[in-house]
Amino acid sequence: MNPSEINEKLARSLTAETTELLPFLPYLLQDLWELGSSPKDIISLLQKHMSISNDTLVLDLACGKGAVSINIAKLLGIKVHGFDLLPDFVSYAHNKALELEVSELCRFTVADVNEVADNYHGYDCVIFGAAGNILGEPKEMLEKLIKTIKKGGFIIIDEGYLPDDKNDIDIKYQNYEFLTQSQWLSLFEQCGLKLVEELQNIDDYNFDADNKAIAARANQLITKHPEKRAIFEGYVQSQLNECDDLESSIVAVTWILQKI
C-alpha cells in the first residue's frame, strides 16, 4: 500500500471520513485510553486458551494507546510488542507503560502494521483489535496475521458481522463492508484457522460516555478551527452511526483463532 492508501485506511479504522482529520485525532480521542478493544475480554481469552509462561510473546498490531498491551503485561506478566502508525498514540502508550511499571515488558514502536506483519514472525499470539481494514480485506488481513505467529499460535481479532438470518439491514456507517458470520467462518477454514471461541461483547462498550467526550473535544476544535467545522461534526456523527449499528444491526465480537 502507498502512503495515501495507508492514511485512508488508518482514518477509516478510527471512524474518520477524511485523512484531513488525522492530525486532530489525538486531540479528539485524548480522554479515551481504550480505543475499541476490551483488555478484560482479551486477557480472559489468553488465560483460558493459552499456555502462558515467561517466554510467551504477544504482538499487538494497531495498538493505539497501548491499553490492551499494558493490561496484558501488568496482569499476566508477559512480553508484548505494540505497533501503531500514530506517534502521539505510541508516545502515550510508552509513558503509560512507565507509569504502570511494565516498561520492561511492553515495547511500543511507530510503524505501518502492514510492514510489521511482513517482517515480524514467531509470536505466540497476535492481537488485531478493532482496526478495520488497515491490513487489507478480510482474507488478506488473516493471511498477514497468520505469518506473524508460530504453528499452533493464536490470533485475537475484534470484529463485527452481519447476522445470516437477517435481510435488508440498514447500516449507517458506510466506510466498512461487513461480512456475514458464515462468510467469516468460511474464510477461517480457507486460511487454516480454527475458531476457538467467540465473545459477543456489546455490553462492554460505554458508547454514551465516549461519544460525549469526543463531542466535547470536537466543539473545542471547532472554536479553534471554525473553517473545519464540517469535518469535526462529521467525525462525531460517524461515531454515533457506528455505535448505532453495533447496538442494532452488527454483532460485535472478539474471536480467538488458532493456527492449525
Of all residues in the stretch 11-34, which are crowded, with 20+ Cβ neighbours inside 10 Å and either at pLDDT below 85 or in contact with a strand residue (DSSP E or B) (Cβ under 9 Å, 6 or more places away or on another chain) (or both)?
Ala11, Arg12, Ser13, Leu14, Thr15, Ala16
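Suppose we filter the stretch 225-260 for residues that are among the polar types (S, T, N, Q), in contact with a helix residue (DSSP H, G or I) (Cβ under 9 Å, 6 or more places away or on another chain) and under 26 Å from Thr19 (Cα atoms); how many remain? Break it down stepwise before answering.
First, the residues of the stretch 225-260 that are among the polar types (S, T, N, Q): 237-239, 241, 248-249, 254, 258.
Filter once more, keeping what is in contact with a helix residue (DSSP H, G or I) (Cβ under 9 Å, 6 or more places away or on another chain): 239, 254, 258.
Still in the running and under 26 Å from Thr19 (Cα atoms): 239.
Summing the residues that are among the polar types (S, T, N, Q), in contact with a helix residue (DSSP H, G or I) (Cβ under 9 Å, 6 or more places away or on another chain) and under 26 Å from Thr19 (Cα atoms) in the stretch 225-260 gives 1.
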Mind checking which strands (runs of 3 or more DSSP E) fall wholly inside the stretch 45-128 and carry at least 1 residues that are within 15 Å of Leu145 (Cβ to Cβ)?
57-61, 79-84, 123-128
I need the full set of residues from the stretch 105-156 which are surrounded by fewer than 18 Cβ atoms within 10 Å (Cβ to Cβ) and basic (Lys, Arg), in order please.
Arg107, Lys139, Lys147, Lys150, Lys151
So for the stretch 86-95 (the condition being over 24 Å from Phe154 (Cα atoms), open to solvent by less than 10 Å² (accessible area, probe 1.4 Å) and touching a residue at least 40 places away in the same chain (Cβ under 8 Å)), does at least one residue qualify?
yes
Keeping to the stretch 221-239, report how many residues are without any contact (Cβ under 8 Å) to a residue 60 or more places away in the chain and within 26 Å of Ser37 (Cβ to Cβ).
2
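The values are calculated or read from the model by the stated rules, or taken from the named source; none is laboratory data. The shown structure was predicted, so the numbers you read here are calculated from the model rather than taken from an experiment. Neighbour counts are summed over all protein chains in view; Cβ atoms, including those assigned to glycine, are modelled from backbone coordinates with ideal geometry. Keep in mind that these areas ignore ligands, DNA and RNA; they rest on the heavy atoms of the full protein, side chains included. Shrake-Rupley method; radii C 1.70, N 1.55, O 1.52, S 1.80 Å.
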